[in-house]
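The numbers here are math on the coordinates, done by the rules we state, and not lab data. All values derive from a computational prediction rather than experimental measurement. Cβ coordinates were reconstructed from backbone atoms using ideal geometry, including for glycine residues, and neighbour counts include every protein chain displayed.
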Amino acid sequence: MAVAVGIYGISVGALGVAAGLSVWQSCALSLLMFTGGSQFAFIGVVAAGGSGAAAWAAATLLGLRNLVYGAQLKALIRPRSALVVPMAHLTIDESTAVAMSQDEHDEQVRGFWTTGIGVFVLWNLFTLAGALAGNAMGDPRRWGLDGAAVAAFLGLLWPRLTGRDPIAIAVVAALVTTVAVPLLPAGIPVLVAALATTLVWCLRGRRGAVAS
């Protein structure tokens, strides 16, 4: 898991440099943010000419799922207080999935830390490699790296489309984003789509409560 995901970090470094970030800024993004979806969102907004505030907002929205992961993992692993902060930083899709797929507590703890630390180390090493190679690679579209963010988001989204509500919300988000992209500055369409899907979710929940 760590090797497969870590190698993918090369696209973050290459795309960061192509978007106008320095090598060290690209590396700092992986070191401090360390959540792939948010990093791709940040870089994507910057590359499209969006403001820093829009990039930060888009990255933050995509990182909110880690709050849910953190609450689940804290109850599952029951870490000592000194480990809460580093555990929070290593809470990503992969470390959560590996930990929660185990049946025994010791293996849940082992799975979380092994995956989290392994991905962190390799992700940052390959981010550096991608950033150093970024200028030599030229246009990242020649290598298909411009599609890396889209592929990552689809990979995270697709397994969750298992019911009518998630599919309906995904369709609403796609339609709202498609309409908003040509009309709004870079980074803003994803915020509008998030607001629209939140409203849809609330309305469906209210109707369900009334029906029951």
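Once backbone amide H atoms are built at 1.01 Å from N, LEU21 has no partners under 5 Å, excluding neighbours fewer than 5 places away on the same chain. How many nm separate the modelled label positions at ALA174 and LEU191, each set 7 Å beyond the Cα in the direction of the Cβ? Each label point is offset 7 Å from its Cα along the Cβ direction, giving 2.5 nm. Computed from phi, the 3J(HN,Hα) profile of the range 67-82 under the Karplus parametrisation 6.51, -1.76, 1.60 (θ = phi - 60°) reads 5, 5, 4, x, 5, 5, 6, 5, 5, 6, 8, 6, x, 5, 4, 5 Hz, with x in place of Gly and Pro. Extension gain, LEU76 to ILE167, is 29.8 nm, computed as 0.36 nm per intervening residue step minus the present C-alpha separation.
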